[in-house]
Amino acid sequence: MKKRTTLFIFGIVVFVFFSAQAFAYGPHEKGMGKGGFHHNAREVMEALQLTDAQQDELHAMCKVSREKVAANWKKFEKLQASLSERVLTTPKTSEAGCEEIINQIAELKSQMVKNRLEHWVKFIKILDSDQKEILSGRLKEFRTKRSKQKMHMKRYFPFP
């Protein structure tokens, strides 16, 4: 009987241990439902009531933008890897070689920001005046409601 009780308690402890880990590392979409960026963007798109032509133009812009972003991130990862390799593997790294890679990374990051802002301007040009007013009101509401995430929202929505 003692062996059976010990085995039962051991099973419960193992179950609790793995359940706690599964809960900790499990999906967290439920907690982010109404506060995440994607939920807010979806809300804004529904509020704007885009026409079919506007939606088609937006989807085409997004496709081009995704391709640019993917290409830029691949370049960025390659540059970061080469910088890390140069710094970590070479005993005496030349500062000129590192400086060149650092400048390329900085240039690429600025190009990525420029692309994002250009995409934002193209998106605004698609909208009519009523939709621009709706968007402006929603953005102001998001920024005041979430003051701690103000800079995060500013990254995606650069204009008030």
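The values are calculated or read from the model by the stated rules, or taken from the named source; none is laboratory data. Owing to the predicted nature of the structure, the values given are computational and were not obtained by experimental measurement. Note: ideal-geometry Cβ built from the backbone for every residue, glycine included; neighbour counts use all protein chains shown. What goes into the accessible areas is simple: the full protein's heavy atoms, side chains included, and nothing from ligands, DNA or RNA. Shrake-Rupley method; radii C 1.70, N 1.55, O 1.52, S 1.80 Å.
Taken over the range 122-160, the criterion of being surrounded by 11 or more Cβ atoms within 10 Å (Cβ to Cβ), within 19 Å of residue 65 (Cα to Cα) and modelled with pLDDT of 85 or more is satisfied by 122, 123, 124, 126, 127. Total residues in the range 1-40 satisfying the condition of being at pLDDT below 75 and aliphatic (A, V, I, L, M): the figure is 6. The requirement of being under 29 Å from residue 43 (Cα atoms), assigned to a helix (DSSP H, G or I), open to solvent by 40 Å² or more (accessible area, probe 1.4 Å) and free of Cβ contacts under 8 Å to residues at least 24 places away in the same chain is satisfied by residue 70. Cβ-Cβ contacts under 7 Å between residues 6 or more apart (or on different chains), taken from a first residue in the range 41-57 that is open to solvent by 70 Å² or more (accessible area, probe 1.4 Å) to a second residue that is part of a helix (DSSP H, G or I), are listed as 57/126. Within the range 114-133, residues that are in contact (Cβ under 8 Å) with a residue 40 or more places away in the chain have Cβ atoms under 8 Å from residues that are surrounded by 14 or more Cβ atoms within 10 Å (Cβ to Cβ) and basic (Lys, Arg) in these pairs: 115/68, counting only partners at least 6 apart in sequence or on another chain.
Of the residues 71, 53, which single one is at pLDDT 75 or above and under 28 Å from residue 113 (Cβ atoms)?
Working: 53 fails: under 28 Å from residue 113 (Cβ atoms).
71 is the lone residue from the list that is at pLDDT 75 or above and under 28 Å from residue 113 (Cβ atoms).
Within the range 81-107, the residues that satisfy the criterion of being of a type in the set (S, T, N, Q) and either exposed (fewer than 13 other Cβ atoms within 10 Å of the Cβ) or touching an Asp or Glu at 6+ places or on another chain (Cβ under 8 Å) (or both) are 84, 89, 90, 94, 103.
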